[in-house]
Structures are given as C-alpha cells and as structure tokens.
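The values are calculated or read from the model by the stated rules, or taken from the named source; none is laboratory data. Treat the numbers as computed from the prediction; the structure is a model and nothing was measured. Cβ coordinates were reconstructed from backbone atoms using ideal geometry, including for glycine residues, and neighbour counts include every protein chain displayed. Side chains included, ligands, DNA and RNA excluded: accessible areas come from the protein's heavy atoms. Shrake-Rupley method; radii C 1.70, N 1.55, O 1.52, S 1.80 Å.
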Amino acid sequence: MSFWRRRIVDPIVALLRQGMTPEKIALGMALGLTLGVAPMIGSTTILCATAAFALRLNPAAIQIVNYLMSPLQLAMLIPFIRAGEWLYGVARSPLTASRILQMIQTNMWHAIVTLWSATMHAMTVWVFFVGLAVYPVYWLLLIPIRTLARTRGGAE
C-alpha cells in the first residue's frame, strides 16, 4: 500500500464514511495547509484547533494536515521574513533558518524576544497569503474529495 493511499486517501475515505461532507473535509485540509505555514513556530496547533472548533471541522484531520506542513513551515520562514522586511521597508536582517532554530533550541524566551519584530513582519505577510490562498486551495481539494465520495461510497 502506497504512502499516498495510507496517509491521505484512506483517512479521507474514512471521514466520508463517518458522514463528513466533502466540503468540510476540503475546508479543514485547506485551513490545515494555509494555517500550517504560519511563520510563528509553535502557533499552528492553536490556530488549527481554534479554526476546527469555530467551524465545526474534524480537529484530528486539520491537525494531521497541519503537522504534514511542518517542513514547509520551516522552508517558508525566511521568505515570509524577507517579504515582511520589504513590506515594512526595514533593513534586511542576517537571519537564516538554521540560526533561528539554533536560537530556539538554545533559549526559547530569548529567541522570542529577539525575533519579535521579524516575526510580526512575517505574520503580516502570512495573513495576506492566507487570505489569498485558502479559497483556491479549498476548491482544488474539493474536486478530488468529491470524486472520492462518489467512487468510494462516502457521503456527499
């Protein structure tokens, strides 16, 4: 059994068979994908849990997608910071992903205080990103999930 089927398709089919609609599954996945790349390490679990509660989505499903986004969250950290620096017109900081991770591992509180400004700039850009990306991602996910609902006998 392939990774794709075991980790993605089968859990979606299970949710469909439990009565979740393709729309709710697609929304949960779209939010997990977009919230999961927030440039504030450690915040995505809370963001996704809040979204799941507020929108009555399956919390496990949204968190699984969120956790799958962890490598992309780290990869997007510096681009979000750089875009924030550009947006706010501030000087480019000498930050790198490895330097940020080292700071977090050495002294979390010091890292938070030191990176506060860069994080807020990055979060501003991320908010724009979420606003622009969540709707297209939702629709791109909804099409194959509806197909799964029809072919695998789930609810639609």
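Residues in region 92-111: is at least one of a type in the set (Gly, Ala, Ser) and open to solvent by 60 Å² or more (accessible area, probe 1.4 Å)?
yes
Taken together, the criteria place Gln63 among residues that are of a type outside the set (Lys, Arg), surrounded by fewer than 19 Cβ atoms within 10 Å (Cβ to Cβ) and part of a helix (DSSP H, G or I). Quick check on region 81-103. Is at least one of its residues touching a Phe, Trp or Tyr at 6+ places or on another chain (Cβ under 7 Å) and at pLDDT 90 or above? No; the residues of region 81-103 include none that is touching a Phe, Trp or Tyr at 6+ places or on another chain (Cβ under 7 Å) and at pLDDT 90 or above. No other residue among Ala83, Ala133, Ala149 is part of a helix (DSSP H, G or I), closer than 23 Å to Ala49 by Cβ and open to solvent by less than 70 Å² (accessible area, probe 1.4 Å) apart from Ala133. Checked against (1) over 19 Å from the mean Cα position of the chain (by Cα); (2) farther than 25 Å from Gly131 by Cα, Leu87 passes all but a single condition, namely (2).
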